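Step one of this worksheet: look at the structure below.
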Ligand SMILES: [Zn+2]
């Protein structure tokens with residue numbers, strides 16, 4: 001089993017059965033419970049925060065603030081949503097505020113094309129002829145496994161780069177949906193967007209990441 | 001049903017969607033948000049178009065791949081700082097209850 005695969009298994013255990021118990025002891029002041037939650041979720045929080053703020057230092061501060069807000073609010077958390085949704089929501093609210101503040105000082109790259117109703121096409125129009133048919137038929141990726149692709153540092157960097165260069169809102173949606181594995185309803189709840197908008201943004205983001213992978217496959221894995 | 005007739009109907013229905021429209025609708029399809037007839041047309045098109053079938057698989061693989069990206073671990077100094085704050089917090093919890101929520105920060 002590869003390193004990545006292990007990570008993945010750990011991450012899939014997120015919604016873990018033990019979580020309500022963990023929260024129960026956390027309320028009573030159990031440090032180990034807090035440490036476990038911090039370990040379990042901080043990497044995800046950091047990744048989501050980076051979709052809002054322009055640098056790592058700011059993202060780390062937002063994550064820290066989020067955990068402090070969790071401690072402040074944990075006695076009132078009623079479990080109406082999952083802990084994960086609640087936690088991500090706190091983070092997003094803080095990251096948004098922080099991002100807006102930073103943007104006054106930093107030229108933030110990707111403001112254009114952010115909303116779902118912008119003119120941006122849903123696919124790359126250059127792939128289709130006037131009748132909407134493929135100009136070049138998409139090929140089979142059956143040889144590609146995630147493990148194989150991620151084993152190469154270049155591929156990993158290229159995918160990270162593709163995600164980082166998405167317009168901010170697209171990056172937020174794809175990070176929550178596909179990378180963190182939230183459901184569509186959870187994402188709408190966390191980001192406060194409609195399901196339709198969410199799907200449009202997600203689709204555009206996925207289309208671009210697919211294209212980045214395709215170009216990477218073209219250049220290396222075919223002969224590797 | 002007559003086999004030729006069925007093929008004609010299928011070709012007609014599938015012909016109503018272009019490859020571009022199929023490519024545009026993939027997230028809707030995967031999320032189950034297409035209407036019944038949209039889904040039928042989508043699947044008929046897939047049945048007859050290898051390019052779109054491959055494209056759909058590429059998109060699924062992209063999503064699968066995104067789901068395996070491991071997060072960077074949180075830096076140790078942040079973790080330590082959080083645990084330190086936690087001790088102050090739980091100390092306050094035990095001694096003052098919820099009344100002085102803000103003070104521990
Ligand atoms: Zn097609």
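The values are calculated or read from the model by the stated rules, or taken from the named source; none is laboratory data. Not measured: the values here are computed from a predicted model. We place every Cβ from the backbone using ideal geometry, glycine too, and count neighbours over all the protein chains shown.
A search for C-beta distances below 8 Å between a residue of region A:135-155 that is more than 7 Å from every other protein chain (Cβ to nearest Cβ) and any residue that is in a loop (DSSP other than H, G, I, E, B), counting only pairs 6+ apart in sequence or on different chains, returns A:135/A:129; A:147/A:2; A:147/B:68; A:151/A:2; A:152/A:224.
Conditions (1) within 22 Å of residue A:48 (Cβ to Cβ); (2) away from the ligand (no atom under 16 Å from the Cβ); (3) touching a strand residue (DSSP E or B) at 6+ places or on another chain (Cβ under 9 Å), marked per residue:
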{"site": "B:31", "(1), (2), (3)": "yes, yes, no"}
{"site": "B:43", "(1), (2), (3)": "no, no, no"}
{"site": "B:46", "(1), (2), (3)": "no, no, no"}
{"site": "B:49", "(1), (2), (3)": "no, no, yes"}
{"site": "B:55", "(1), (2), (3)": "no, no, yes"}
{"site": "B:58", "(1), (2), (3)": "no, no, no"}
{"site": "B:69", "(1), (2), (3)": "yes, yes, no"}
{"site": "B:77", "(1), (2), (3)": "yes, yes, no"}
{"site": "B:81", "(1), (2), (3)": "yes, yes, no"}
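Every listed requirement among (1) at pLDDT 95 or above; (2) on the phi > 0 side of the Ramachandran plot is met by residue B:97 save one, (1). Against the numbered list (1) farther than 30 Å from residue A:71 by Cα; (2) touching a helix residue (DSSP H, G or I) at 6+ places or on another chain (Cβ under 7 Å); (3) surrounded by 18 or more Cβ atoms within 10 Å (Cβ to Cβ), residue B:86 comes up short only at (1).
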